[in-house]
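Written out below as structure tokens is the structure these notes cover.
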Amino acid sequence: MVKKRIRDPEVLEEAPPPKSGADDSGSDDDVDMVNIEFEWFNFKPDIDFHGVKSLLRQLFDVDSQLFDLSGLADLILSQPTVGSTVKVDGEDTDAYAFLTILNLHEHRERKVIKDLTAYLVEKSKSSQALAPLSNVLASSSQVGLVLAERLINVPAEIAPPMYTMLIDEIEAAVEDKEPYEFTHYLIISKTYQELASALDEEDAPRTKKSKASKTNRETFYFHPEDEVLQRHALALGSFEYSKDEGEGMADSKRAFSDMGIKPQGSMILIEAGKFEGAVKAISEYLSPPQ
């Protein structure tokens, strides 16, 4: 059974286990599935620093170089009763996933938050769809920055319990007069677009390359729950990373198909009054059928 430590560290709360999506009674042609028991824990500074920092590096991709990830990980770990890690081999191991929230206004004097906020403001100016975010960040609004990431093979079904627990923990923190009463929630995530391989393009006729370059590329989500969250958004959009890993990156990051992929940053801004409904929608979308 999946478990999560609540604000009293001696008490455990049960959460529904994610479903593998395969029936054990399937035919011999079915892919073998490994049954893994995930466990939810509060953050432990002496255990989780390196795991959280590694997942932050994955979340911010090439632009992770722009931030003090050690400082950001320390800030996350300084609020152990809000947010979750997901592990497989017990509490004293590295996290396979994490989710947390930071009050950008409360921590505005910390350098890592100053740098991160300036970055978000800059990226919000990159498209009209993200324009409202710039005004919110420039105001005195209480913006909760939601940071979530997981290893690539961790199933999306872990997301509903994590978000549900986060809401419960925020409510408990507000009751304890802690600074978690937000006006907006800002989810930082990643999307990607499929690109033709640079090697394939070299062999393609010029007319074909020209046509491919003009084709509108569809945006895909690394995290399926983001597709649900965006339906409740005040502002949302993807943006180009500031750092450039050079030509050929699509070939080095081939995934899911014979096409290359181009990762992008993503921001989803949700008003506080709509966040709980968005989380319920995630549960309905990703929770296994009864």
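Tabulated results
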| item | result |
| --- | --- |
| Some residue of region 130-149 being over 25 Å from Glu240 (Cα atoms) and at pLDDT 95 or above | yes |
| Any hit, region 33-46, residues being in a loop (DSSP other than H, G, I, E, B), within 15 Å of Ile158 (Cα to Cα), at pLDDT below 50 and in contact with a helix residue (DSSP H, G or I) (Cβ under 8 Å, 6 or more places away or on another chain) | no |
| Qualifying positions in region 39-76 - touching a Gly at 6+ places or on another chain (Cβ under 8 Å), of a type in the set (Asp, Glu) and either surrounded by fewer than 19 Cβ atoms within 10 Å (Cβ to Cβ) or within 19 Å of Ile101 (Cβ to Cβ) (or both) | Asp61, Asp63 |
| Of all residues in region 261-277 being over 13 Å from Leu166 (Cα atoms) and hydrophobic (A, V, I, L, M, F, W, C), the one that is surrounded by the fewest Cβ atoms within 10 Å (Cβ to Cβ) | Ala272 |
| Any hit, region 103-114, residues being under 17 Å from the mean Cα position of the chain (by Cα) and basic (Lys, Arg) | no |
| Close pairs from region 94-114: first crowded, with 22+ Cβ neighbours inside 10 Å, partner acidic (Asp, Glu), Cβ under 7 Å, at least 6 apart | Ala95/Asp48; Phe98/Glu149 |
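The values are calculated or read from the model by the stated rules, or taken from the named source; none is laboratory data. Remember, predicted model here, so these are calculated numbers, not experimental data. Don't worry about glycine lacking a Cβ; one is built from the backbone with ideal geometry, like all the others, and counts go over all protein chains shown.
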